[in-house]
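First the structure, in the form of structure tokens, and then the observations on it.
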């Protein structure tokens, strides 16, 4: 049986991978990112995930968060939606 600490670590790793896949700043597309690139954004996102359970609300949060916290001028809607779908699967 996985410990609670282990489960939390697994969830955080899954969120990290989702962030890397979403790549709102398109750093991987430009070859300018490392695996830790989005780590600083995970804690606020985790707090939001504890409160949001609606796909449309989470998608809007991600869009706004990318714009406000990451200074992203254009956030790919399809990738943002896919990220929201994946993130909603995690129990925080």
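The values are calculated or read from the model by the stated rules, or taken from the named source; none is laboratory data. Everything numeric here is computed off the predicted structure, so don't read it as measured data. Cβ coordinates were reconstructed from backbone atoms using ideal geometry, including for glycine residues, and neighbour counts include every protein chain displayed.
Points to keep in mind about this one:
- Residue ID - farthest from residue 74 (Cα to Cα), chosen from residues in the range 12-51 that are exposed (fewer than 13 other Cβ atoms within 10 Å of the Cβ) and more than 14 Å from the chain's Cα centre (by Cα): 51
- Selected residue (only one of 81, 9 is in a helix (DSSP H, G or I), surrounded by 12 or more Cβ atoms within 10 Å (Cβ to Cβ) and at pLDDT 95 or above): 81
- Any hit, the range 28-38, residues being touching a helix residue (DSSP H, G or I) at 6+ places or on another chain (Cβ under 6 Å) and at pLDDT 95 or above: no
- Some residue of the range 52-60 being surrounded by fewer than 12 Cβ atoms within 10 Å (Cβ to Cβ) and either under 14 Å from the mean Cα position of the chain (by Cα) or not in a helix (DSSP H, G or I) (or both): yes
- If you go through the range 20-51 and keep only what is under 13 Å from residue 88 (Cβ atoms) and in a loop (DSSP other than H, G, I, E, B), you end up with nothing.
- Per the conditions (1) more than 10 Å from the chain's Cα centre (by Cα); (2) in a loop (DSSP other than H, G, I, E, B); (3) more than 19 Å from residue 91 (Cα to Cα), the sole criterion not satisfied by residue 69 is (2).
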